[in-house]
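Novice: Here it is, the structure, as structure tokens.
The values are calculated or read from the model by the stated rules, or taken from the named source; none is laboratory data. Computed from a prediction, not measured in an experiment: that's the story for all the values here. A quick note on method: Cβ atoms are made from the backbone with ideal geometry, for glycine too, and the neighbour counts reach across all protein chains shown. Remember, those area values only see protein heavy atoms, side chains included, never the ligands or the DNA or RNA. Shrake-Rupley method; radii C 1.70, N 1.55, O 1.52, S 1.80 Å.
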Amino acid sequence: MDTATPAVTVALHDGEAVVASSTRVDARRHGELLLPAVDRVLAEAGLKLDAVTGVVVGVGPGPYTGLRVGLVTAAAFSSALGVPVHGLCTLDGLAYASGIDEPFAVATDARRKEVYWARYDDHRTRTTDAAVDRPADIAESLAGLPVVGAGARLYPEAFPDARDPEHQSAAALAALAAERLAAGDAEGFLDPLPMYLRRPDAQVPKNYKVVTPK
């Protein structure tokens with residue numbers, strides 16, 4: 001599952017192929033849409049939650065509220081079912097889904113007229129840490145490269161070679177995780193902790209008046 005972007009996306013993978021998946025793009029309803037998506041995917045596969053043997057979750061980068069929904073749900077499932085939870089960079093899921101086998105970049109919408117982004121040698125190999133920047137500030141360094149994701153669509157002047165997919169897919173994230181698990185690539189996973197890259201939009205105001213009971 002992944003809720004780090006506007007896509008609320010869930011998939012079920014049996015170790016060899018995706019059995020069922022659901023993706024809905026809605027930037028404001030992650031908490032409302034995630035669990036019904038899980039139920040829908042399990043129902044489509046004809047299974048119950050106790051059939052799950054592991055959880056894969058996109059850890060971002062992403063906005064604070066949406067990203068937290070997926071991570072908290074993944075942790076709850078892991079605890080309730082007694083199964084491991086594996087974190088993956090959300091950008092890696094988009095890269096994997098692209099199938100591109102030449103250098104490229106992935107960029108998602110970070111709001112505030114910025115993008116979350118990273119560079120890749122191919123769809124399996126990220127070569128930089130995820131970062132957050134204004135498109136104009138990285139356009140020169142990414143010049144000539146295809147750029148996958150919604151960030152490329154939002155800023156065509158900075159990323160003229162925009163490529164699909166635009167939105168995250170849990171099916172791709174699950175397929176990437178299954179590939180790494182089958183290869184015994186434990187280092188290919190991240191701790192299931194949020195990758196924010198910057199402070200949340202909502203903050204405690206400075207110099208506020210403290211009121212204490214008399």
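Novice: Would you mind calculating the gained length between Asp101 and Thr65 on full extension (0.36 nm times residue separation, minus the Cα-Cα distance), in nm to one decimal? All intermediate terms of the calculation are to be shown ahead of the outcome.
Specialist: Details: separation 36, 0.36 × 36 = 12.96 nm, distance 3.33 nm.
Length difference between fully extended and current span is 9.6 nm.
Novice: Now for a separate question. Translational diffusion coefficient of the range 39-179 at 4 °C, 1.567 mPa s, Stokes-Einstein with Kirkwood Rh over Cα pairs, in µm²/s as a whole number. Present the calculation step by step, with values, prior to reporting the outcome.
Specialist: Numbers: Rh = 15.9 Å.
Taking Rh from Cα pairs, D becomes 82 µm²/s.
Novice: Something else: What percentage of the solvent-accessible surface of the range 9-121, computed with a 1.4 Å probe over protein heavy atoms, is contributed by carbon and sulfur atoms?
Specialist: Carbon plus sulfur share of accessible area: 49 percent.
Novice: So for the chain, averaging the separation of alpha carbon pairs under 8 Å that are six or more residues apart and normalising by length, what relative contact order in percent results? Provide the component values of the computation, followed by the final result.
Specialist: Details: 449 pairs, mean separation 50.5, N = 214.
It rounds to 24 percent for the chain.
Novice: Here's another thing I want to ask about it. Nearest 0.05, what FRET efficiency do Ala76 and Ala143 give at R0 = 45 Å with Cβ-Cβ as r? It would help to have the intermediate numbers written out before the result.
Specialist: Details: r = 44 Å, r/R0 = 0.97.
Taking R0 as 45 Å, the efficiency between Ala76 and Ala143 is 0.55.
Novice: Just read off the accessible area of Thr127 with the full protein assembly in place, 1.4 Å probe, to the nearest 10 Å².
Specialist: My reading of the accessible area for Thr127 is about 70 Å².
Novice: Next question. Whats the longest run of the chain with zero GluC sites (Glu not before Pro) that are DSSP loop and have at most 11 other Cβ atoms within 10 Å?
Specialist: Counting only loop sites that pass the neighbour cut-off, the longest clear stretch is 17-139.
Novice: Still on this structure, please answer the following. Over the range 94-193, what is the relative contact order in whole percent, taking alpha-carbon pairs under 8 Å and six or more residues apart? Walk me through the intermediate numbers first.
Specialist: On the way: 171 pairs, mean separation 25.8, N = 100.
Once divided by the residue count of the range 94-193, the mean separation gives 26 percent.
Novice: Let me ask another. Where q = 0.12, 0.14, 0.17 Å⁻¹, what log10 of I(q)/I(0) comes from the Debye formula for the range 74-149, counting one point per Cα?
Specialist: -0.40, -0.51, -0.66
Novice: What is the Cα centroid distance between the range 1-78 and the range 158-195, reported in whole angstrom?
Specialist: If you average the Cα positions of each part, the centres end up 14 Å apart.
Novice: Within the range 38-80, name every residue whose backbone N is under 19 Å away from a label modeled 7 Å from Cα of Ala186 along the Cβ vector.
Specialist: 54-57
Novice: Keeping all protein chains in place, calculate the accessible area per residue for the chain (probe 1.4 angstrom), answer in Å². Write out the running numbers ahead of the final one.
Specialist: Working: 11340 Å² over 214 residues.
Accessible area per residue: 53 Å².
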